[in-house]
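> Dumping the structure here so I can ask a few things about it.
The values are calculated or read from the model by the stated rules, or taken from the named source; none is laboratory data. Everything numeric here is computed off the predicted structure, so don't read it as measured data. For neighbour counting, all protein chains shown are included, and Cβ atoms are generated from backbone atoms with ideal geometry for every residue, glycine included.
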Amino acid sequence: MAAKTGRKRGRTTPNSSAPSRQWRRMDLHLHTPGSNDYQQPEVSYLDILRQAEVRGLDIVAFTDHNTVAGFAAMKKEIEQLLWLEERRRIEPDEKRRLDEYRRLLTKILVLPGFEFTATFGFHILGIFPSETPVSLLEHLLLTLKVPPQVLHHGSANVGATSDVLTAYRVIHDAGGIVIAAHANSGNGVAMRGLDFGGQTRIAYTQDLYLHTLEVTDLDKRGYTTRRFFDGSKPEYPRPMRCIQGSDAHRLTRDPAQPKYLGVGDRVTEILLPELTFAALADVLKGNDLSLTRPYRGPANPIDFVQLAQEEGESIVQAFHPSLVQRGGHQDRILQDICAMANTNGGAIYVGISADPKMKPEGVKEADKAVEKLMTAVSNRITPEPDIHIDTVPSRGAQIVRITVQPGSEAPYAIDDNKFYVRDESDTSLAVRDEIVRLVLRSLRHESPEPVAALPPLPAPETVVAPVVTAVKPGSKTTKQIEPPRTGVEVVESEKRNGAYYHTVRDLRNGNLIKNVTRSSARKLWHYAISQVEAGQPKPKEIRWQGDIALINKREKDDNIWYDLALREGDTVHIYYGVTDSGLNDAWLPLIEGA
């Protein structure tokens, strides 16, 4: 059982008033004979529902290519059987089929939908309530410029249609759930291996009308698509829910080609209070990413706390072994809450160490401890941040989880005058320039003029490839290379009254922080400033590979940091403390094998 108690902004929701929730299994990406590439056209819709029952599914969606012909055919068959029954003209075999439909549709929530092919071939799932008229869904497809003459063909190739962002908006406005189909693979909006501009890639995966990403690596460990979109990257600040679906084009997996999955071969579990479309939509459109998980069978359920512990601390994730005030634990938790509210938001786990080798201790008398924490948050953090606190089980212990939303009323402060920000896996006091930017961000939120949620996106017809290109060792390039997305650069240094003052650029967001000294610098800044004051390498001493170079590589435990150089004409940029997640395609050949 997850989410034992729930609290937000200091308000407590009694357990007795919360509906009982259950983990349900869903496969929201099923094709039927309504798709022209379905591999077993002789399969009936009853066969599909029976297979869903065998695989233990509670929710399925029929998502044929650019059509609702499959769902419409099943609906028409049921209506015809009901008509025969009503007129007492139904034959025994027809009565058995109708009874089987009744039994299965009582047990399984079957939803209509489609897999729309947007401009440039990107696939988008639209899922709708069971009672949605087929005519409305067909109208939506026509609105998305699916040609009328192919509306019932079920083809993935339908010519020039609407762009991705328009599709998101149209499906959302019609009350549907918007899911980017197999986002990390072929025809997916994460655009792996495709030379589209960076702003396009960001918009396609961060748009507010997009509710969920469907991925093919959800149950894998390590650096997965889910981890990439966890909100830790400055250009992808919105954490995205990731689910998995079978994309089945047949009833069962093809033994000759196992990559062709069948019904229920890739399943997601979802925690729901009731088996309804409304409950499903609330979760998939919501912010609590722990309410869905890949299904691995009853013998091996997913422990998201353990998975988070294995991933380690980051800008959006922190761990604390205790919640008590003694030893300063509560103060450090308050600092993390304040810092995450001022930065990208995130999750804080209490009762568990960041060390994945250590088992969680849990929090004893969690309800009392949480009440004390909520009181401390209300009394000490101004304005009161948007947080949600619950308890989740992990390996026999109860872990307190604090979910912090990115604040719209920044800057947030502890005791009125201590401003904290999150930098990679560290929480630090904000310096003056960072506080100024937090104030400006808050003022932009209050502006009567609409503020764009994302950078401007070129029209789909004019999207061009980014200028960043891979640099082979020993080659030169005249194209611009973007700086890494993590680390820092010391852009200016000045000696005043015997002390050096530096201007530091944070590569995560491009912010410039002025008047930083070695004594006032936080961990990574301190390292960079120490290197600068000791003397940076001269351009002639650098072993260039084209216009880029690896200066130094540091390793500790499982962490790796790189010091890199970029040459732009006569200017040389030195980037300190770059991590793997900050490297784009231009830099990767440089560090491979380093």
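> Can you go through ASP331, ASP336, ASP282 and tell me which one is within 17 Å of THR403 (Cβ to Cβ), assigned to a helix (DSSP H, G or I), free of Cβ contacts under 8 Å to residues at least 24 places away in the same chain and not small (Gly, Ala, Ser)? It would help to see each step written out before you state the result.
On the way: ASP331 fails: within 17 Å of THR403 (Cβ to Cβ); ASP336 fails: free of Cβ contacts under 8 Å to residues at least 24 places away in the same chain.
From the options ASP331, ASP336, ASP282, the qualifying one is ASP282.
> Right, something else. Would you pick out the residues in the range 237-279 that are outside any strand (DSSP E or B) and charged (D, E, K, R)?
ARG238, ARG241, ASP247, ARG250, ARG253, ASP254, LYS259, ASP265, ARG266, GLU274
Residues are listed down the side, and each one gets a yes or a no for (1) surrounded by 23 or more Cβ atoms within 10 Å (Cβ to Cβ); (2) in contact with a Phe, Trp or Tyr (Cβ under 9 Å, 6 or more places away or on another chain); (3) at pLDDT 95 or above; (4) closer than 30 Å to GLN40 by Cβ:
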position: SER232; (1), (2), (3), (4): yes, no, no, no
position: PRO237; (1), (2), (3), (4): no, no, no, no
position: ILE243; (1), (2), (3), (4): yes, no, yes, yes
position: HIS249; (1), (2), (3), (4): no, yes, yes, yes
position: THR252; (1), (2), (3), (4): no, no, no, yes
position: ALA256; (1), (2), (3), (4): no, no, no, yes
position: THR268; (1), (2), (3), (4): yes, yes, yes, yes
position: LEU275; (1), (2), (3), (4): no, no, yes, yes
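> Looking only at residues that are at pLDDT 95 or above and not hydrophobic (A, V, I, L, M, F, W, C) in the range 171-203, which one is nearest to HIS123 (Cα to Cα)?
Result: HIS182.
> Here is a further query. So how many residues does the range 373-400 have that are at pLDDT 90 or above and outside any strand (DSSP E or B)?
Within the range 373-400, residues that are at pLDDT 90 or above and outside any strand (DSSP E or B) number 12.
A quick yes/no check of all residues on (1) surrounded by 17 or more Cβ atoms within 10 Å (Cβ to Cβ); (2) of a type outside the set (Gly, Ala, Ser):
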| residue | (1), (2) |
| --- | --- |
| PRO147 | no, yes |
| HIS153 | yes, yes |
| LEU165 | yes, yes |
| HIS172 | yes, yes |
| GLY176 | yes, no |
| ILE202 | yes, yes |
| LEU210 | yes, yes |
| LEU213 | yes, yes |
| LEU218 | yes, yes |
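> Consider SER20 against the criteria (1) under 29 Å from the mean Cα position of the chain (by Cα); (2) part of a helix (DSSP H, G or I); (3) surrounded by fewer than 17 Cβ atoms within 10 Å (Cβ to Cβ): it satisfies all of them except one. Which criterion is unmet?
(2) is the only condition that SER20 fails.
> Identify all residues within the range 360-378 that are of a type in the set (D, E, K, R) and within 13 Å of PHE319 (Cβ to Cβ); write none if there are none.
Once the filter is applied, which keeps residues that are of a type in the set (D, E, K, R) and within 13 Å of PHE319 (Cβ to Cβ), the range 360-378 yields only GLU361.
> So, in the range 569-594, of the ones that are within 22 Å of VAL491 (Cβ to Cβ) and free of Cβ contacts under 8 Å to residues at least 60 places away in the same chain, which residue ends up surrounded by the most Cβ atoms within 10 Å (Cβ to Cβ)?
Only one residue fits best here, namely VAL572.
> Select, from ILE389, ILE348, ILE402, ILE414, the only residue that is of a type in the set (A, V, I, L, M, F, W, C), touching a residue at least 60 places away in the same chain (Cβ under 8 Å), under 22 Å from MET240 (Cα atoms) and in contact with a helix residue (DSSP H, G or I) (Cβ under 6 Å, 6 or more places away or on another chain). I'd like the intermediate steps shown before the answer.
Details: ILE348 fails: touching a residue at least 60 places away in the same chain (Cβ under 8 Å); ILE402 fails: in contact with a helix residue (DSSP H, G or I) (Cβ under 6 Å, 6 or more places away or on another chain); ILE414 fails: under 22 Å from MET240 (Cα atoms).
On inspection, the qualifying residue turns out to be ILE389.
> Do you know which residues across the range 75-111 are within 30 Å of LEU272 (Cβ to Cβ) and free of Cβ contacts under 8 Å to residues at least 40 places away in the same chain?
Correct list: LYS76, GLU77, ILE78, GLU79, LEU81, LEU82, LEU98, ASP99, ARG102, ARG103, THR106.
> Considering only strands (runs of 3 or more DSSP E) fully contained in the range 485-553, which possess at least 2 residues that are loosely packed, with under 14 Cβ neighbours inside 10 Å and free of Cβ contacts under 8 Å to residues at least 60 places away in the same chain? Reasoning before the result, please.
Details: elements: 488-496, 499-506, 512-516.
Per the criteria, 488-496.
> Report whether or not MET1 is at pLDDT below 95 and either surrounded by fewer than 17 Cβ atoms within 10 Å (Cβ to Cβ) or touching a Leu at 6+ places or on another chain (Cβ under 9 Å) (or both). Explain how you work it out, then say what you get.
Numbers: at pLDDT below 95: yes; either surrounded by fewer than 17 Cβ atoms within 10 Å (Cβ to Cβ) or touching a Leu at 6+ places or on another chain (Cβ under 9 Å) (or both): yes.
Yes: the conditions hold for MET1.
> A follow-up question, please. Report, by residue number, each residue of the range 339-352 that is within 17 Å of the chain's Cα centre (by Cα) and in a loop (DSSP other than H, G, I, E, B).
Those that are within 17 Å of the chain's Cα centre (by Cα) and in a loop (DSSP other than H, G, I, E, B): THR343, ASN344, GLY345.
> Here's a follow-up. Quick check: anything in the range 345-355 touching a strand residue (DSSP E or B) at 6+ places or on another chain (Cβ under 8 Å) and surrounded by fewer than 21 Cβ atoms within 10 Å (Cβ to Cβ)?
Among the residues of the range 345-355, at least one is touching a strand residue (DSSP E or B) at 6+ places or on another chain (Cβ under 8 Å) and surrounded by fewer than 21 Cβ atoms within 10 Å (Cβ to Cβ), which makes the answer yes.
> Within the range 427-441, can one find any residue that is part of a loop (DSSP other than H, G, I, E, B) and at pLDDT 50 or above?
Yes, the range 427-441 contains at least one residue that is part of a loop (DSSP other than H, G, I, E, B) and at pLDDT 50 or above.
> Looking at (1) free of Cβ contacts under 8 Å to residues at least 60 places away in the same chain; (2) over 24 Å from GLY582 (Cα atoms); (3) touching a Leu at 6+ places or on another chain (Cβ under 9 Å), which one does ARG266 not meet, given that it meets all the others?
(1)
> Another one. Are there any pairs with C-beta distances below 7 angstrom linking a residue in the range 25-52 that is assigned to a helix (DSSP H, G or I) to a residue that is of a type in the set (Phe, Trp, Tyr), with the two at least 6 apart or on different chains, and if so which?
That search, which allows pairs on different chains as well, returns LEU46/TYR101.
> Would you check if PHE122 is among the aromatic types (Phe, Trp, Tyr), out of contact with any Phe, Trp or Tyr (no Cβ under 6 Å at 6 or more places or on another chain) and either within 23 Å of VAL283 (Cα to Cα) or outside the structural domain of GLU79 (by TED's automatic domain parsing) (or both)?
Criteria not met by PHE122.
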